[in-house]
Amino acid sequence: MSSCKKLEAEWKAYKELDLPAEWLDSLSLPLSAKGAIVLKNQAQFHPLHYLRDLAEFVAESGGTFYENTTMRDPAEDLEDGRLKLSSEDGHTVICRHAVSASHFPFIDGKGLYFARLYSERSYAVAFEPEQPYPGGMYINCGNPKRSLRSAELNGKTVVIAGGESHKTGKNDCTIKCYEALAEFGQSVLGVKSIPYRWSTQDLVTMDDVPYIGRLTEDRRNIYVATGFAKWGMTSSTVSAHLIRDLILEKDNRYERLFTPSRFKAEPTIKNLARQNADVAKEWVTGKVELVHLKPEDLVPSQGAVVKHRGKRAGAYRDDEGQLYLVDTTCTHMGCEVKWNEAERSWDCPCHGSRFDYKGAVIEGPATKDLPRLHRQPEQMKS
């Protein structure tokens, strides 16, 4: 479906739902557009400030936060109907209800979430514009995907350009993603400087609708909220209301829409088959890929898959010349990780696990670090 037809279909849906929206034939930005939809009464806010206030409210209401505490799967069912959860460092939590809101679910409960979710990387640059920003938040409906919004940083207005999404581990030169967004910003408003840039990882479901509700039909006192696909502020709010009602045994009209156990419609089945065929392809490709580089070939700030003692290994040489070697076999299900140049990380193209250059887990579903092939970093030989 073309971009215009997508926009027209969206506009038709808005009218049927009687949403407060307006159709425009042009934009206040110097972008060529055949049409645009304006959604009225939207909120734009700083997500960390929002989370800080929520955290303060929880603490004032008697809640307690334990940071840097990773829970382990599986959960144990106690005789009185409660759950016993254990952390990686040996602590336990006993409760009647547990919510896994940890991006990738830390408890699977035989729900096979790793096979029903896929991960995407996307990028953003915050730039100081040469031209005044007209205000508002923008996102296109075509490809390549682009979004624009503003923010106040240190008393200055910066514009955040986002886009360049791709599946985790599927882009060999991620630095180009930032370059493409900088070029886009230059073409729209001009760029004085780029003080910040960053990337993010999002989980996407097979039918693009988040999984919110009971983990599985068999684990009805464990709840999950995942697969927000970049719409975290909205989906997290929906999750809070829906899971609250499930715990309190109240009816919620959105339960069937978001339930992780929902009926597998035809598009979902096709997507599931396609995604898992892609996983199988990546698994085989990674195992048979020829490797020619050796650790000593790397220059400072370079990472790559190398041949070490006759076997495949992941190598990174830092700015000081120290060499770090890791096993490239993902600790989740054995796929071969790939080097992410822009983030200096090892990314798995199968299920989206990520590790830093020393092998430590950054993103799940993996929970174990990549084995280090050196106890101590090597110094580059002169």
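Quick notes on this one:
- Estimated from helices alone, the mean residue ellipticity of the chain at 222 nm is -7500 deg cm²/dmol (sum of -39500 (n - 2.57) over DSSP H runs with n ≥ 4, per residue).
- Cys with no candidate disulfide partner in the chain (beta-carbon separation under 4.7 Å rule): 4, 95, 141, 173, 177
- Hull-based mean projected area of segment 27-136, where the convex hull spans the alpha carbons, in square nanometres: 12.7 nm²
- Extension gain for residue 175-residue 112 works out to 19.4 nm (0.36 nm per residue, less the C-alpha to C-alpha distance).
- Highest-first arrangement of 151-164, 318-331, where packing means the average Cβ count within 10 Å: 318-331, 151-164
- Cα principal axis extents for the chain, largest first, Å: 66, 64, 46
- Shape analysis of segment 64-221 based on the Cα gyration tensor places the equivalent ellipsoid semi-axes at 41, 18, 14 Å, largest first.
- The average projected area of segment 295-379, computed from the convex hull of its Cα atoms over all directions, is 5.0 nm².
- Net dipole in debye of the chain [+1 Lys, Arg Cβ; -1 Asp, Glu Cβ; about Cα centre; nearest 20]: 860 debye
- Computed lengthening from residue 21 to residue 94, 0.36 nm per intervening residue step minus Cα-Cα distance: 21.6 nm
- In plain terms, the chain from residue 145 to residue 245 could stretch by 32.5 nm, reckoned as 0.36 nm per residue minus the Cα-Cα distance.
- Top of 168, 367, 234 by mean-square fluctuation, Gaussian network on the chain, Cα under 10 Å: 234
Read the figures in this text as sums done on the coordinates, not as results from a lab. Just so we're clear, the structure is a prediction, and the values are computed from it rather than from any experiment. Every residue, glycine among them, receives a Cβ derived from its backbone with ideal geometry; neighbour counts consider all protein chains shown.
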